[in-house]
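Take a look at the structure set out below.
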Amino acid sequence: MSASEGGEKGLTQLEAFARIRLLRSPNIGPVSYRQLLARFGNAVAAIEVLPELGGRGKRSYRPAPRDKIEREIEGIQRAGASYLFHDQPDFPPLLAEIESAPPIITYRGDVRLASKPCVAMVGARNSSAAAVKLARQFGRDLAERGYSVVSGLARGIDGASHEGALSASAGATIGVIASGIDIAYPPQHSELQEQIAREGLLIAEQPPATQPRGSHFPSRNRIIAGLAAGTLVVEAAPKSGSLITARLAGEAGREVMAIPGSPLDTRSLGCNQLIRDGAVLVQSPEEVTELLESFEGTPRSRFNVVAEGREDYDFSELDGTDVSLEDTGAITALLSTAPVTVDELVRQSGAPMALVQMALLELEITGELERHSGGRVSLAG
């Protein structure tokens, strides 16, 4: 393997390569990735046992091919991007706290911007002219006040928020995209995306050359919400993607803010509903900074119930033992397509937490388990 950005900052190239391969393997998500590292100590060891763990299902299991990862690394290098792993010093601290934090991100630009105070700004794509002007003003003023403005590079409010932040004298903005780091989306924002990569920070979770799909956008939204101490919704219709970001921010225990609008404009109904549900009403950048400067982990907004925090996995009690098919079967028998907490499975099964987590991990690798927010799990539908 040729030298790559993955081998920087304390990770050997062998371990960095294995981590990328582990995350790209079938049915491995952020939670199962962290559990495998906790159980087996490193990604090299985890890759070796994957075929055995996945082979307990109805089909044989193969990790991601080595040549596929080699091509991915070459694509990252061609794009002038770098890898950042979850346990490296520059990994954004607030993002690391969320339950579904991405174990690996790729980026272009100044990664230090993600460790500054961050505020997310999101809103409608088909936004009104007044809301676009307001988003640009808020973006500029918040950047002038020392905040990194985080958004998703979509048309409308997202783009205006980025542009406002870039226009500030000490402008700082972070763009999170739903595609690979080398794909501009939407195409009309290709110049803006390149400017953010040069002057700010561009982040992607998907491998290079990946075109955006519908399922990628909620994943992107969780990163936007996770990077910031608070999320501000400028204008949004009911059931819009911006409200998903607000909900994810609320579940992560972050501030949720909204700018009110006319009840006669459907594009304001989402913001008005957020305020009714407990989001903080804000009307100026000063009110946003006042709220976030006093943020110490307990949000003033009452929007949504804070989900359980990310777990640290302790598998030491399983040392020298193995999880049998009987153990996995007993846990499977307690599951249905209705989500349930892992704590409830431990209570009902009477088994140690480590054994239950390991049984769930094997079910996930074989494609039989689905994970939900708040540490809940269910059988795959």
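The values are calculated or read from the model by the stated rules, or taken from the named source; none is laboratory data. Model, not experiment: these values are computed from the prediction. Note: ideal-geometry Cβ built from the backbone for every residue, glycine included; neighbour counts use all protein chains shown. Only protein heavy atoms, including side chains, enter the accessible area calculation; ligands, DNA and RNA are left aside. Shrake-Rupley method; radii C 1.70, N 1.55, O 1.52, S 1.80 Å.
What the phi angles of region 236-243 give under the Karplus curve with 6.51, -1.76 and 1.60, with θ = phi - 60°, is a coupling list of 7, 7, x, 6, 8, x, 5, 6 Hz, glycine and proline written as x. Residues whose amide H comes within less than 5 Å of that of Ala209, counting only those at least five positions distant or on another chain, are Gly180, Ile181, Asp182, Ile183 (H built at 1.01 Å from N in the peptide plane).
Computed with every protein chain present, the accessible area of Asp277 is close to 70 Å² [probe 1.4 Å]. The C-alpha atoms of the chain define a longest principal axis, and helix 157-167 lies at about 70 degrees to it. Under 5 Å from the amide H of Cys118 lie the amide H atoms of Ser148, Ala229, each residue being 5 or more positions distant or on a separate chain, with H modelled from the backbone and absent for Pro and chain starts. Pairs of Cα atoms nearer than 8 Å and 6+ residues apart set the relative contact order; for region 193-310 it is 23 percent.
Inter-part distance, region 359-381 to region 47-77, computed on C-alpha centroids, equals 19 Å. The slack in the chain from Gln348 to Lys239, taken as 0.36 nm per residue of separation less the alpha-carbon distance, amounts to 35.6 nm. Residue by residue, region 136-145 carries 3J(HN,Hα) couplings of 5, 5, 4, x, 5, 5, 5, 5, 4, 8 Hz when phi is fed to the Karplus relation 6.51 cos²θ - 1.76 cosθ + 1.60 (θ = phi - 60°); x denotes Gly or Pro.
The heavy atoms of Lys68 present about 100 square angstrom of accessible area, all protein chains included, probe 1.4 Å. Taking Cα centre as origin and charging only the Cβ of basic (Lys, Arg, +1) and acidic (Asp, Glu, -1) residues, the dipole magnitude of the chain rounds to 1140 debye.
Each Cα pair under 8 Å and six or more residues apart adds its sequence gap; the mean of these over the residue count of the chain is a relative contact order of 15 percent. Ordering Ser32, Leu269, Ser161 by the projection of their Cα atoms onto the charge dipole of the chain, which places +1 on the Cβ of Lys and Arg and -1 on the Cβ of Asp and Glu, puts Leu269 at the extreme positive end.
Under 18 Å from a point placed 7 Å out from the Cα of Leu281 along the Cα-to-Cβ direction: which residues of region 239-261 have their backbone N that close? So the set is 256-261.
Averaged over its residues, the chain has an accessible area of 43 Å² per residue, based on protein heavy atoms and a 1.4 Å probe. Over what distance in Å are the Cα centres of region 93-125 and region 207-236 separated? That distance is 10 Å. Taking the accessible area of the chain, probe 1.4 Å, and keeping the other protein chains in place, the carbon and sulfur fraction comes to 49%. A simple charge model with +1 on the Cβ of Lys and Arg, -1 on the Cβ of Asp and Glu and nothing else charged puts the dipole of region 65-209 at about 420 debye relative to its Cα centre. Using only side-chain charges placed at the Cβ, +1 for Lys and Arg and -1 for Asp and Glu, the dipole size of region 183-274 relative to its Cα centre rounds to 280 debye. Phi-derived couplings, Karplus 6.51 cos²θ - 1.76 cosθ + 1.60 at θ = phi - 60°, listed residue by residue for region 77-83: 5, 4, 7, x, 9, 9, 8 Hz, with x used for Gly and Pro. Largest to smallest in accessible area, the residues Thr366, Thr173 fall in the order Thr366, Thr173 (1.4 Å probe, all protein chains included).
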